[in-house]
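Quick notes on the structure that follows.
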Amino acid sequence: MTQQLTSRREQNKRDTRRAIAQAALDLARSEGLGAFTAEQIAERANISRRTFFNYFHSPEEALSVSTEAFLDRAAAELAARPRDEPILDAMIAALAATTKAENLKDCGDLFRMAANNPDLLGTQLLAWERAEARIIAAVEDRLQGEASALYIHALVGSLLSCAKAAMREWAASDHPDETSANILENHIVATLTMMRDGFSHPTL
């Protein structure tokens, strides 16, 4: 019974965190960055101001949730890949699978917004850095000492740089809402393909 109550409490916390993050993202899209407050986020999420600050220190931090979810899923996908799969293939497959996530466009939109907002950019960079550390740990666990730290850090850094390059290219152009997520997904898959092929086709 105690375990059930704990699980329900943790699920309620996750639901509240997601609701706050979604309210923040909705306001960012409708009002623009810097044009709304923590109180407005709390009101939209049907929580108190105090509850908001129990979860986040600022609106910008609340906005980082979609990026964290995208990158956390990449780490989880990597952990689920077959242990005997070559590491580069496993990493590319994991990130490609992550592009199917429902919040891919949210992550792309935040990447675009952060380009002109130092506070949001800071929280986004932290989200990417935390994810990089988790993915590095997952790769180290898979390779069990068969690769140097330099190799692993370079490999993970290259993979995430490909994802950022795809988002940067996508963010520079306007896309209809109904095709936007698909275009971003295609960009990410394209950069991963370039990486897998050793960047041997510069015109693609």
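The values are calculated or read from the model by the stated rules, or taken from the named source; none is laboratory data. What you see is a predicted model, and the numbers here were worked out from it, not measured in a lab. Don't worry about glycine lacking a Cβ; one is built from the backbone with ideal geometry, like all the others, and counts go over all protein chains shown.
Observations, loosely collected:
- Within the set Ala75, Ala80, the sole residue that is over 15 Å from the mean Cα position of the chain (by Cα) and over 27 Å from Ser30 (Cβ atoms) turns out to be Ala80.
- Residues that are touching a residue at least 40 places away in the same chain (Cβ under 8 Å), at negative phi and buried (at least 22 other Cβ atoms within 10 Å of the Cβ) are absent from the stretch 36-54 altogether.
- The single condition among (1) part of a loop (DSSP other than H, G, I, E, B); (2) buried (at least 16 other Cβ atoms within 10 Å of the Cβ) that Asp84 does not satisfy is (2).
For every residue, the table says whether it meets (1) out of contact with any His (no Cβ under 9 Å at 6 or more places or on another chain); (2) under 28 Å from Pro82 (Cβ atoms).
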| residue | (1), (2) |
| --- | --- |
| Ala101 | yes, yes |
| Leu120 | yes, no |
| Ala131 | yes, yes |
| Ile135 | yes, yes |
| Asp141 | yes, yes |
| Ala147 | yes, yes |
| Glu169 | no, no |
| Asp177 | yes, no |
| Gly198 | yes, yes |
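- Within the stretch 110-129, residues that are in contact (Cβ under 8 Å) with a residue 24 or more places away in the chain reach partners that are of a type in the set (Val, Ile, Thr) with beta carbons closer than 9 Å, at six or more positions or on different chains, in the pairs Leu110/Thr67; Phe111/Thr67; Thr123/Thr67; Gln124/Thr67; Ala127/Val65; Ala127/Thr67; Trp128/Thr67.
- Just one of the listed residues (Arg50, Arg9, Arg29, Arg17) is in a helix (DSSP H, G or I), within 17 Å of the chain's Cα centre (by Cα) and not assigned by TED's automatic domain parsing to the domain that holds Ala115, and it is Arg17.
- The helices (runs of 4 or more DSSP H) located wholly in the stretch 95-204 that include 2 or more residues which are of a type in the set (Phe, Trp, Tyr) and either buried (at least 19 other Cβ atoms within 10 Å of the Cβ) or out of contact with any Phe, Trp or Tyr (no Cβ under 7 Å at 6 or more places or on another chain) (or both) occupy 149-171.
- Of residues in the stretch 148-187 being free of Cβ contacts under 8 Å to residues at least 12 places away in the same chain and of a type in the set (Ser, Thr, Tyr), the one farthest from Met113 (Cα to Cα): Ser148
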